[in-house]
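Before any comments, here is the structure.
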Ligand SMILES: Nc1ncnc2c1ncn2[C@@H]1O[C@H](COP(=O)(O)OP(=O)(O)OP(=O)(O)O)[C@@H](O)[C@H]1O
Ligand SMILES: [Mg+2]
């Protein structure tokens, strides 16, 4: 299967007063096209830092120190860490979208819901729309439009540079051409469509007349998801995006991700604490511990045949209905990443630790097709 994203030896540190937090310790990972990839692990293990590093939205004091994030799209391969900030901005929310847990911080309280979802369409698809209008003008052969063709071509170029304020100014100067109104109407209709797909009740009314404060938390989160999906991203990253929804809505949205993956998005990275969601929704799973990837495999392999001792205890700590007595928990605490344990970072909590585990970081090996493990138990055998 071909990869949409190849992450190689990604290292991210945070330079804090307490010292350097070594949050990502040479992560390497492939996300295949058409796959929902679940990223799991205890709180603080680096899931959010990993996806934020991919999106290049790590803020100071964080620094992506080294590595490669190769994005494969339409036959091109681009190292996202080497892209200019301008090109990266164009790519974000367009080819790669990310949804966070907290919808309030993502929505503007003074814009209507319709305006906010439409804005995403208008902004990122302006290039397509300009190209479409240009093609229409060209094919209509209407001579009187010729000067406007140049004007639109200029706007098209500005859209490519993503200079939004300038584009809007230029568009508003076209006196006879109902560009702005037509584009807005089309964007609003598309917004209503996507909101209907996300089961927003009375989507048209919500789009036209509601503001974020009129909506419940679950509904707001669906609007944030609509904004993220508006541009048919090739890769959708969901960082605990459904965790604060009630279970029925969460199940509906996850079901919808599955449907949308077939028609709109090609791949999804799903970060969650809920292993039940992973089992239901994902095809591949990556297990992280203290800034390292311990195990990556197909979902059945992880659940039926986990290899890494950390994956095993993580699965054991999930409550089961049939379970009697005390719930198992993972002994010890997640290490301080300013002074992480040497060698394998899990060794102080590992039931199977050997001498070598405290000295050397285990290499990742493929122990069966598609099943990668970084553990000394399986090395040198
Ligand atoms: N701004 C920051 N300054 C210092 N350290 C940070 C910062 N952001 C993250 N970290 C550290 O990076 C490590 C990974 O954090 P991250 O947020 O990726 O964890 P996570 O796996 O997403 O956890 P959770 O499941 O709780 O969301 C943690 O040790 C955290 O303390
Ligand atoms: Mg997180």
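The values are calculated or read from the model by the stated rules, or taken from the named source; none is laboratory data. Just so it is clear, the structure is predicted and the values come from calculations on it, not from any experiment. Note that we place each Cβ from the backbone using ideal geometry, even for glycine, and neighbour counts take in every protein chain shown.
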Scan of the range 281-295 for residues that are within 11 Å of ligand 1 (Cβ to nearest atom) and not in a strand (DSSP E or B), ordered by number: 290, 291
Residue check for residue 5: within 22 Å of residue 362 (Cβ to Cβ), in a strand (DSSP E or B) and either within 10 Å of ligand 1 (Cβ to nearest atom) or in contact (Cβ under 8 Å) with a residue 40 or more places away in the chain (or both): no
Contacts under 9 angstrom Cβ, first residue in the range 9-32 being at negative phi and free of Cβ contacts under 8 Å to residues at least 12 places away in the same chain, partner in a strand (DSSP E or B) and within 16 Å of ligand 2 (Cβ to nearest atom), 6 or more apart: none
Unmet requirement for residue 104, which otherwise passes all of (1) more than 16 Å from ligand 2 (Cβ to nearest atom); (2) within 26 Å of residue 273 (Cβ to Cβ); (3) not in a helix (DSSP H, G or I): (3)
Enumeration of residues in the range 248-264 that are touching a helix residue (DSSP H, G or I) at 6+ places or on another chain (Cβ under 8 Å), surrounded by 15 or more Cβ atoms within 10 Å (Cβ to Cβ) and in contact (Cβ under 8 Å) with a residue 40 or more places away in the chain: 253, 256, 257, 260
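Here is a yes/no grid of residues against (1) touching a residue at least 12 places away in the same chain (Cβ under 8 Å); (2) at negative phi; (3) more than 18 Å from the chain's Cα centre (by Cα); (4) in a loop (DSSP other than H, G, I, E, B):
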residue: 39; (1), (2), (3), (4): yes, yes, no, no
residue: 50; (1), (2), (3), (4): yes, yes, no, no
residue: 58; (1), (2), (3), (4): yes, yes, no, yes
residue: 67; (1), (2), (3), (4): yes, no, yes, no
residue: 70; (1), (2), (3), (4): yes, yes, no, no
residue: 86; (1), (2), (3), (4): yes, yes, yes, no
residue: 89; (1), (2), (3), (4): yes, yes, no, no
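Can you pull out every residue in the range 42-90 that is touching a helix residue (DSSP H, G or I) at 6+ places or on another chain (Cβ under 6 Å) and either within 16 Å of ligand 2 (Cβ to nearest atom) or farther than 23 Å from residue 283 by Cβ (or both)? Explain how you work it out, then say what you get.
The first filter runs over the range 42-90 and keeps only residues touching a helix residue (DSSP H, G or I) at 6+ places or on another chain (Cβ under 6 Å), leaving 56, 58, 64, 69, 71.
56, 58, 64 - these are the residues of the range 42-90 that are touching a helix residue (DSSP H, G or I) at 6+ places or on another chain (Cβ under 6 Å) and either within 16 Å of ligand 2 (Cβ to nearest atom) or farther than 23 Å from residue 283 by Cβ (or both).
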Unmet requirement for residue 312, which otherwise passes all of (1) in contact with a helix residue (DSSP H, G or I) (Cβ under 9 Å, 6 or more places away or on another chain); (2) in a helix (DSSP H, G or I): (1)
Single condition residue 232 does not satisfy, out of (1) under 20 Å from residue 101 (Cβ atoms); (2) surrounded by fewer than 24 Cβ atoms within 10 Å (Cβ to Cβ); (3) within 17 Å of the chain's Cα centre (by Cα): (1)
Filtered residues of the range 235-244 (kept if out of contact with any strand residue (DSSP E or B) (no Cβ under 6 Å at 6 or more places or on another chain) and buried (at least 22 other Cβ atoms within 10 Å of the Cβ)): 242
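For the range 207-229, check the following and say yes or no: at least one residue is under 22 Å from the mean Cα position of the chain (by Cα) and in a loop (DSSP other than H, G, I, E, B). Lay out the reasoning, then the answer.
Filtering the range 207-229 down to residues under 22 Å from the mean Cα position of the chain (by Cα) leaves 217-229.
Checking which are in a loop (DSSP other than H, G, I, E, B) leaves us with none.
No, the range 207-229 has no match at all.
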Residue in the range 304-317 that is modelled with pLDDT under 80 and under 22 Å from residue 349 (Cβ atoms) present: yes
Which listed residue, of 278, 200, is buried (at least 19 other Cβ atoms within 10 Å of the Cβ), within 16 Å of ligand 2 (Cβ to nearest atom) and either assigned to a helix (DSSP H, G or I) or at pLDDT 85 or above (or both): 278
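If you go through the range 293-304 one residue at a time, how many are surrounded by fewer than 24 Cβ atoms within 10 Å (Cβ to Cβ) and touching a residue at least 40 places away in the same chain (Cβ under 8 Å)?
Taking the range 293-304 first, the residues surrounded by fewer than 24 Cβ atoms within 10 Å (Cβ to Cβ) are 298-301, 303-304.
Okay, now just the ones that are also touching a residue at least 40 places away in the same chain (Cβ under 8 Å), so 298-299, 301.
Number of matching residues: 3.
Could you check the range 328-338 and list, in sequence order, the residues that are in contact (Cβ under 8 Å) with a residue 24 or more places away in the chain and out of contact with any strand residue (DSSP E or B) (no Cβ under 7 Å at 6 or more places or on another chain)? Full working, then the answer.
The initial filter retains those residues of the range 328-338 that are in contact (Cβ under 8 Å) with a residue 24 or more places away in the chain, namely 330, 334-335, 337-338.
The answer is 330, 334, 335.
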Cβ pairs under 8 Å, 6+ apart, first in the range 230-247 and more than 13 Å from residue 268 (Cβ to Cβ) and free of Cβ contacts under 8 Å to residues at least 40 places away in the same chain, second outside any loop (DSSP other than H, G, I, E, B) and away from ligand 1 (no atom under 14 Å from the Cβ): 245/217; 245/218; 245/221; 245/253; 246/218
Some residue of the range 265-274 being surrounded by 21 or more Cβ atoms within 10 Å (Cβ to Cβ), at pLDDT 85 or above and over 26 Å from residue 12 (Cα atoms): no
